[in-house]
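The values are calculated or read from the model by the stated rules, or taken from the named source; none is laboratory data. Everything numeric in this text was worked out from a predicted model, so none of it was measured. No Cβ is skipped: glycine too gets one built from the backbone with ideal geometry, and neighbour counts run over all protein chains shown. Quick note on the areas: whole protein, heavy atoms, side chains included, nothing else; ligands and nucleic acids left out. Shrake-Rupley method; radii C 1.70, N 1.55, O 1.52, S 1.80 Å.
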Amino acid sequence: MNINELTIENSVLCLIDHQPWVAFPIQSIAPQTLTNNVTGLAKTAAALSVPTILTTINAEGGPLRDPLFTGVSSVFPDVQPIDRHVTNAWADPRFVSAVEATGRRKLIMAGLWTEVCLAQTALSAMKAGYDVYFVADASGGLSPEAHERACQRMIQAGARPMSWFGVLAEWCPDNQDPVYQKTYPIALDHGGGVAWAVQYTMANLDRSA
């Protein structure tokens, strides 16, 4: 039994504005790390069938397009991002309706920029009565300080900070549960040093078989 705060059954993942143009000025996290972490988070949600809401800002309607990172869009080819023109996604009724349609109250959010779109959306969701968990290492700000101040602001308002792998581990706490094995390929591809532990586990599973 999973007694953690976050479970596969009670969570909604909201990925906010992970777009190339939006990401260009990010200075709080290395590009390859941001790409790795948000892709790992997206793959985990997809593998475990956690409802996922995608958003973009100013991706369409102008002279240039700014689509989602391919690492996200390729994981959810059938999910249409909610494109908007306001920084706070909670101000868009389509986003609120998408959240309400899940019937779930625990929102896991990651986004660009931390101090703008992510913080505004998280604060508004909490005011509306939702529990918000933000994935700090799948988000990015215009500077390290901007990111940290935004994280502090969300924490002071009641949001819980997490890492992307922390989310994976909380969704799958029992490594004897068959669902846990769905995360092996994700950990191997995106888990950094954790991949060594997964290799060790898989080698021993093969041996026991």
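Tell me, which residue of segment 31-46 that is of a type in the set (S, T, N, Q) and within 14 Å of the chain's Cα centre (by Cα) is nearest to VAL12 (Cα to Cα)? Full working, then the answer.
Keep residues of segment 31-46 that are of a type in the set (S, T, N, Q), which gives 32-33, 35-37, 39, 44.
From what's left, within 14 Å of the chain's Cα centre (by Cα): 33, 35-37, 39, 44.
Working: THR33: 23, THR35: 20, ASN36: 20, ASN37: 17, THR39: 16, THR44: 12 Å.
Per the stated criteria, the residue is THR44.
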Just one of (1) hydroxyl-bearing (Ser, Thr, Tyr); (2) within 22 Å of ASN36 (Cα to Cα); (3) without any contact (Cβ under 8 Å) to a residue 24 or more places away in the chain trips up SER97, so point out which. (2)
Given the conditions (1) part of a loop (DSSP other than H, G, I, E, B); (2) open to solvent by less than 30 Å² (accessible area, probe 1.4 Å), report the number of the one that ASN175 does not fulfil. (2)
Count, please, the residues in segment 63-80 that happen to be touching a Pro at 6+ places or on another chain (Cβ under 8 Å) and within 15 Å of THR44 (Cα to Cα). 1
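Kindly evaluate TYR200 against the criterion of being surrounded by 15 or more Cβ atoms within 10 Å (Cβ to Cβ) and assigned to a helix (DSSP H, G or I). Before you say what the answer is, go through the steps one by one.
Numbers: surrounded by 15 or more Cβ atoms within 10 Å (Cβ to Cβ): no; assigned to a helix (DSSP H, G or I): yes.
For TYR200, the condition - surrounded by 15 or more Cβ atoms within 10 Å (Cβ to Cβ) and assigned to a helix (DSSP H, G or I) - is not met.
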Pairs returned, first residue in segment 134-161 that is farther than 23 Å from TRP21 by Cβ, second residue that is in a strand (DSSP E or B) and open to solvent by less than 60 Å² (accessible area, probe 1.4 Å), beta-carbon separation under 7 angstrom, 6 or more apart or interchain, are MET154/PHE134; ALA159/VAL132; ALA159/TYR133; ALA159/PHE134; ARG160/TYR133; PRO161/PHE134
Name the residue, out of ALA23, ALA47, ALA30, ALA42, that is closer than 19 Å to ALA136 by Cα, aliphatic (A, V, I, L, M) and touching a residue at least 60 places away in the same chain (Cβ under 8 Å). ALA23
Selection count, segment 1-30, where residues are under 17 Å from the mean Cα position of the chain (by Cα), more than 16 Å from PHE134 (Cβ to Cβ) and among the hydrophobic types (A, V, I, L, M, F, W, C): 4
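From the list ILE8, ILE26, which one is touching a Phe, Trp or Tyr at 6+ places or on another chain (Cβ under 8 Å), surrounded by fewer than 22 Cβ atoms within 10 Å (Cβ to Cβ) and more than 20 Å from ALA98 (Cα to Cα)?
Values: ILE8 fails: more than 20 Å from ALA98 (Cα to Cα).
Of the residues listed, the single one that is touching a Phe, Trp or Tyr at 6+ places or on another chain (Cβ under 8 Å), surrounded by fewer than 22 Cβ atoms within 10 Å (Cβ to Cβ) and more than 20 Å from ALA98 (Cα to Cα) is ILE26.
Which ones in segment 105-137 are farther than 11 Å from PRO161 by Cα and within 10 Å of the chain's Cα centre (by Cα)? Walk me through how you get there before you give the answer.
In the first step, residues of segment 105-137 are kept if they are farther than 11 Å from PRO161 by Cα; the result is 105-107, 111-131.
Of everything in segment 105-137, those that are farther than 11 Å from PRO161 by Cα and within 10 Å of the chain's Cα centre (by Cα) turn out to be LEU107, GLY111.
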